[in-house]
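Structure record follows, encoded as structure tokens.
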Amino acid sequence: MNLSDSKMKLGIAGILCGVVAAALALLGNPANMAFCIACFIRDTAGAMGMHQAEVVQYARPEIVGLVVGAFIISVATKEYRSTAGSSPMIRFILGVCIMIGALIFLGCPLRMVIRMSAGDLNAWVALIGFILGIATGVFALKNGFSLGRAYATQKINGAVLPAITVGILLVATCTTLMKVSEAGPGSMHAPVIASLIAGLIFGALAQKSRMCFAGSIRDVILMKNFDLFSVIAGLFVVLLVFNVATGRFVAGFNTPGVIAHSNHLWNILGMYTVGLAATLAGGCPLRQLILAGQGSSDAAVTVVGMFVGAALCHNFGLASSGTSVNPETKELVAGAVTPAGKVACIICIVVCLIIAFTCKRENTK
């Protein structure tokens, strides 16, 4: 079944993905990050000991479900293609940049939309940066940007990342080797089985619909094509209705418990980094996981870069903090972007711009 051949089918796919995200919020995931690729990769990296931030350590089954769901549906529909060889090291760097930008903002594009649907005005501000970053990437594409072509490889090559994610799940559920947060966002999660099933469903729908938050805006700017945008619109509408109906909709900036900050410039620059790097890499964090699931080792390298980026953010104090209430004084403590995070964000933007305007197709050099 092809979900990408009509706006109606794409909209329905987005609606179903929205239902999955809402269900995860009801079952225990933090409501404002019911489904966040950057947050879930960060938590999983922490569970494996890649960083020591105790409040964000939990091997998220949703990540496993996304990759394996895309793998299963692509094999079943004969869309599985094992490919590799398109500038892997540059893709690794882009993955690192995506994660640093996301943790400056505190969320991936998927979580940005979830936060928007819950009334978080900071996410609406960040959308400006995300669109500008994608527009910069589109400008580079029009000027000949290319990471080169990928080549067919042995089929087992594309199955490596799905196998690794399954291994992470087995270690997390069958042993005590993984770290688990006792407080903070890492301690808030839906039951393992529910999370895995949700990931499998979301992964299959995302694979068949070609869901991509960066790609949807890229297509609007580049080709005036709103097909992929229909998926995002469907997801947003469902989550907006869910948040309003359950009393989770709170319009404002400094809202305690949302895990967000109101440093507007850095919300914009953080998501500018994500938008630019994702456009250059060929997809947002969600899309990279789906592509890796359907056989792309290039996307898998980008995913590895995101894991490393998450570790760097928490090992070197790059990640931002969210607005919260001091448990002792009951005073509102505004979220903040660290000085090191600001420097890292600027470096990532410069690196992405260098990549964007030096990597070109042979016939445009």
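Whether a residue is in contact with a helix residue (DSSP H, G or I) (Cβ under 6 Å, 6 or more places away or on another chain), over 22 Å from GLY305 (Cα atoms) and not hydrophobic (A, V, I, L, M, F, W, C) was assessed, and SER187 does not pass this test.
Among the residues examined, ALA172 qualifies as buried (at least 19 other Cβ atoms within 10 Å of the Cβ) and either more than 17 Å from the chain's Cα centre (by Cα) or over 16 Å from ILE290 (Cβ atoms) (or both).
A search for C-beta distances below 6 Å between a residue of region 78-94 that is closer than 16 Å to ALA159 by Cα and any residue that is of a type in the set (Ser, Thr, Tyr) and open to solvent by less than 40 Å² (accessible area, probe 1.4 Å), counting only pairs 6+ apart in sequence or on different chains, returns TYR80/SER74; THR83/SER296; ALA84/SER297. Filter region 314-333 down to the residues that are at pLDDT 80 or above and part of a loop (DSSP other than H, G, I, E, B), then identify the one that is most open to solvent (accessible area, probe 1.4 Å). So the residue we want is PHE316. When you look at PHE105, is it in contact with a Ser or Thr (Cβ under 8 Å, 6 or more places away or on another chain), within 19 Å of ALA118 (Cβ to Cβ) and modelled with pLDDT of 95 or more, yes or no? Spelling it out, PHE105 is indeed in contact with a Ser or Thr (Cβ under 8 Å, 6 or more places away or on another chain), within 19 Å of ALA118 (Cβ to Cβ) and modelled with pLDDT of 95 or more.
With the requirement that a residue be farther than 11 Å from ARG218 by Cβ and surrounded by fewer than 22 Cβ atoms within 10 Å (Cβ to Cβ), what does region 126-135 give you? Matches in region 126-135: LEU127, ILE128, LEU132. Taking into account only those residues within region 275-310 that are over 19 Å from PHE105 (Cα atoms) and outside any helix (DSSP H, G or I), which is farthest from the chain's Cα centre (by Cα)? The selected residue is GLY295. Put simply, of ALA45, ALA53, ALA34 the only residue that is closer than 19 Å to ARG115 by Cα, out of contact with any strand residue (DSSP E or B) (no Cβ under 6 Å at 6 or more places or on another chain) and among the aliphatic types (A, V, I, L, M) is ALA34.
Among the residues making up region 210-259, those that are of a type outside the set (A, V, I, L, M, F, W, C) and assigned to a helix (DSSP H, G or I) are GLY215, SER216, ARG218, ASP219, ASP227, SER230, GLY234, ASN243.
If I filter region 247-258 for residues that are of a type in the set (Lys, Arg) and either within 30 Å of PHE145 (Cα to Cα) or free of Cβ contacts under 8 Å to residues at least 60 places away in the same chain (or both), do I get at least one hit? No; the residues of region 247-258 include none that is of a type in the set (Lys, Arg) and either within 30 Å of PHE145 (Cα to Cα) or free of Cβ contacts under 8 Å to residues at least 60 places away in the same chain (or both). When you check ALA23 against the structure, is it surrounded by fewer than 23 Cβ atoms within 10 Å (Cβ to Cβ) and touching a Phe, Trp or Tyr at 6+ places or on another chain (Cβ under 9 Å), yes or no? Here the answer is no, as ALA23 does not meet what is asked.
When ALA260 is tested against the conditions (1) open to solvent by 10 Å² or more (accessible area, probe 1.4 Å); (2) modelled with pLDDT under 95; (3) aliphatic (A, V, I, L, M), the lone failure is (1). Cβ-Cβ contacts under 9 Å between residues 6 or more apart (or on different chains), taken from a first residue in region 50-72 that is over 18 Å from ALA159 (Cα atoms) and polar (S, T, N, Q) to a second residue that is open to solvent by less than 10 Å² (accessible area, probe 1.4 Å) and not in a loop (DSSP other than H, G, I, E, B), are listed as GLN52/GLY46; GLN57/ASP43; GLN57/THR44; GLN57/ALA45; GLN57/GLY46; GLN57/ALA47; GLN57/GLY186.
Residues in region 289-313 that are over 30 Å from LEU205 (Cα atoms) and surrounded by fewer than 23 Cβ atoms within 10 Å (Cβ to Cβ): LEU312 only.
When you scan region 36-43, do you find a residue that is of a type in the set (Val, Ile, Thr), touching a residue at least 40 places away in the same chain (Cβ under 8 Å) and either open to solvent by less than 20 Å² (accessible area, probe 1.4 Å) or assigned to a loop (DSSP other than H, G, I, E, B) (or both), even just one? For region 36-43, residues of a type in the set (Val, Ile, Thr), touching a residue at least 40 places away in the same chain (Cβ under 8 Å) and either open to solvent by less than 20 Å² (accessible area, probe 1.4 Å) or assigned to a loop (DSSP other than H, G, I, E, B) (or both): present. Residue pairs whose Cβ atoms lie under 6 Å apart, sitting 6 or more positions apart in sequence or on different chains, and linking a residue in region 308-326 that is closer than 14 Å to GLY49 by Cβ to a partner that is open to solvent by 40 Å² or more (accessible area, probe 1.4 Å) and assigned to a loop (DSSP other than H, G, I, E, B), are ALA311/MET50. When region 71-108 is filtered for residues that are part of a loop (DSSP other than H, G, I, E, B), open to solvent by 40 Å² or more (accessible area, probe 1.4 Å) and either of a type in the set (D, E, K, R) or closer than 23 Å to VAL350 by Cβ (or both), the ones remaining, listed by number, are LYS78, GLU79, ARG81.
The values are calculated or read from the model by the stated rules, or taken from the named source; none is laboratory data. Here the structure is a predicted model, which is why all the values come from computation and not from measurement. All Cβ positions, even for glycine, are placed from backbone atoms using ideal geometry, and neighbour counts span all protein chains on display. These accessible areas exclude ligands, DNA and RNA; they are computed on the full protein's heavy atoms, side chains included. Shrake-Rupley method; radii C 1.70, N 1.55, O 1.52, S 1.80 Å.
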